[in-house]
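First comes the structure, then the notes that go with it.
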Amino acid sequence: MTATTITIAGHGGDEIEAYIAQPEGDAARGGVVVIHHMPGYDRATKEITRRFAELGYDAICPNLYFREAPGAAPDDAAAVARAQGGVPDERLIGDVAGAAAYLRALPTSNGKVGTIGYCSGGRQSVLSGTALDVDAVVDCYGAFVTGTVPEGFPLKVTNLVDRLPGLKAPVLGLFGAEDQYPSPEQVDEFRRILTEQDTPFEFHSYEGAGHAFFAVDRPSYNVAAANDGWERIEAFYGEHLGS
Amino acid sequence: MCTYTTVRDTVDGSAKGPGGSWFHVTDITVYFDHPFHAMAEHTLNIDFAAPEKGPAARVAVELTADSARRLMAAIQEALDAVPVEMQA
């Protein structure tokens, strides 16, 4: 495996930083765009990116806060991005589009690209799927895909209900049954919409797990849910991103 | 969850920050969301920052909700304990 930091063209052609991890060898393979959580382009997300390379994919994680804070520590960059109102949806779509294009241009690409995101990144993974040509979408407990955003939220976040008709790629949703954002009711609404519009999907809600159950460096880590979730991701990407 | 909730304001004061240096603080960001370091799912987080000095000019605090309320009470008690004219 090789893993390094590169520069890619993001939204509007902006040069942004990204972390890429690739398996050894020339075999054709799919690509995965990893969308980091709100705390930023951090060590834990880079570990996740490397795990996808270990699973056999070219994986890339764009630094969504690079414009606000180039070269800053991830927590400082996240603080700046938060103070400035967060990442606009259209910019996110452009950055993920740039990351996906980079993966597809690799000589090892089989042309297929999936997205995955955690927490706020889960919503952004779905958002990317509504607007971009991707082959598989994984949403790990993203809030405000459905449901109502409380009034007065200073960050530029809305639910994605109006955009969901654009979601054609199959969706894997992994949720904590004890989570309130997204709540089980919001997950049910997402399930109903995907059913009605015939978007293929597979949802799993883990009893006893709350939000952020994949986060190995946080008290919310839930071993059973995370282990099963990783198996579901591996099978889902194997089916939809394989050669 | 990511609450996304963020309250911003401007302040005038100083904080002792990275490298042990004091710097002039101009902005605060307050939010209840995931901490970076505290061992709790959510905390009340305060960033004391000087944006014109760059992202690293920041003192961050992460407190449990109960701790944050006690801090508020302590600040209120300290301010109430001195004459108003001293606070000008």
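Where a number appears in this text, it was derived from the coordinates with a stated rule and is not lab data. Computed from a predicted structure; not experimentally measured. Here Cβ is always computed from backbone atoms with ideal geometry, including for glycine, and neighbour counts include all displayed protein chains.
Once you have all Cα-Cα distances for the stretch A:1-128, histogram them in 5 Å bins from zero and send the whole-percent values.
Going out from 0 Å in 5 Å bins, the stretch A:1-128 shows 2, 12, 23, 26, 20, 10, 4, 1, 0 percent.
Report, largest value first, the span of the C-alpha coordinates of the stretch B:7-63 along each principal axis, in whole Å.
31, 24, 16
Along the charge dipole of chain A, Cβ charges K/R +1 and D/E -1, which of A:Leu132, A:Pro219, A:Tyr102 sits furthest on the positive end?
Most positive-ward Cα: A:Tyr102.
Could you tell me the relative contact order of the stretch A:1-131? Use alpha-carbon pairs under 8 Å, at least six residues apart, and round to a whole percent. Before the final figure, lay out the partial values.
Numbers: 274 pairs, mean separation 41.9, N = 131.
It rounds to 32 percent for the stretch A:1-131.
How high is the relative contact order of chain B? Use alpha-carbon pairs under 8 Å, at least six apart in sequence, and give a whole percent.
Working: 142 pairs, mean separation 18.7, N = 88.
Once normalised by length, the contact order is 21 percent.
If you build a Gaussian network model of chain A, linking Cα atoms that sit under 10 Å apart, which residue out of A:Ala28, A:Ala136, A:Ala97 swings the most?
Ranking A:Ala28, A:Ala136, A:Ala97 by mean-square fluctuation puts A:Ala28 first.
On a C-alpha basis, how far is the centre of the stretch A:225-243 from the centre of the stretch A:100-118 in Å? Whole number, if you could?
16 Å
If the viscosity is 0.692 mPa s and the temperature 37 °C, what Stokes-Einstein diffusion coefficient in µm²/s follows for the protein assembly as shown when Rh is the Kirkwood radius over Cα pairs?
Values: Rh = 20.7 Å.
It comes out at roughly 158 µm²/s.
Normalising by the residue count of chain A, find the relative contact order in percent from Cα pairs under 8 Å and 6+ residues apart. Mind showing how you got there, number by number?
Working: 535 pairs, mean separation 41.6, N = 243.
Rounded, it is 17 percent for chain A.
Could you pull out every one of the aspartates and glutamates with an alpha carbon less than 18 Å from that of A:Lys46, ignoring same-chain neighbours closer than 8 positions?
List returned: A:Glu17, A:Glu24, A:Glu54, A:Asp58, A:Asp75, A:Asp76, A:Asp95, A:Asp139, A:Asp217, A:Glu234.
How large is the dipole of chain A about the Cα centre if only Lys and Arg carry +1 and Asp and Glu carry -1, each at its Cβ, rounded to the nearest 20 debye?
On the way: 18 positive and 34 negative charges, 68 e Å.
With Lys and Arg at +1 and Asp and Glu at -1, about 320 debye.
Enter the per residue convex hull volume of the stretch A:91-145, computed from alpha-carbon coordinates, in Å³ rounded to the nearest integer.
Values: hull volume 3.6 nm³, N = 55.
Expressed per residue, the convex hull around the Cα atoms of the stretch A:91-145 is 66 Å³.
Need one number: nm distance between label points at A:Arg192 and A:Ile6, each 7 Å from Cα along Cα→Cβ, rounded to one decimal.
Output for this residue pair reads 4.3 nm.
Rounded to whole Hz and in sequence order, give me ³J(HN,Hα) for the stretch A:189-206 from the Karplus expression 6.51 cos²θ - 1.76 cosθ + 1.60, θ = phi - 60°, writing x for Gly and Pro.
5, 4, 4, 4, 5, 5, 5, 5, 9, 6, 7, x, 8, 9, 10, 9, 10, 9
Just counting partner chain Cβ atoms within 10 Å, what average do the residues of peptide A:71-82 show around their Cβ?
On the way: counts 3, 4, 5, 1, 8, 9, 2, 3, 11, 8, 1, 8.
Rounded to a whole number, the mean comes out at 5.
Run lengths n ≥ 4 of DSSP H only: what is the helix-derived mean residue ellipticity at 222 nm for the protein assembly as shown, with -39500 (n - 2.57) per run over all residues, to the nearest 500?
-9500 deg cm²/dmol
Karplus couplings for the stretch B:22-29 from phi (6.51 cos²θ - 1.76 cosθ + 1.60, θ = phi - 60°), rounded to Hz, Gly and Pro as x?
Each residue of the stretch B:22-29 in turn: 7, 8, 6, 9, 10, 9, 10, 10 Hz.
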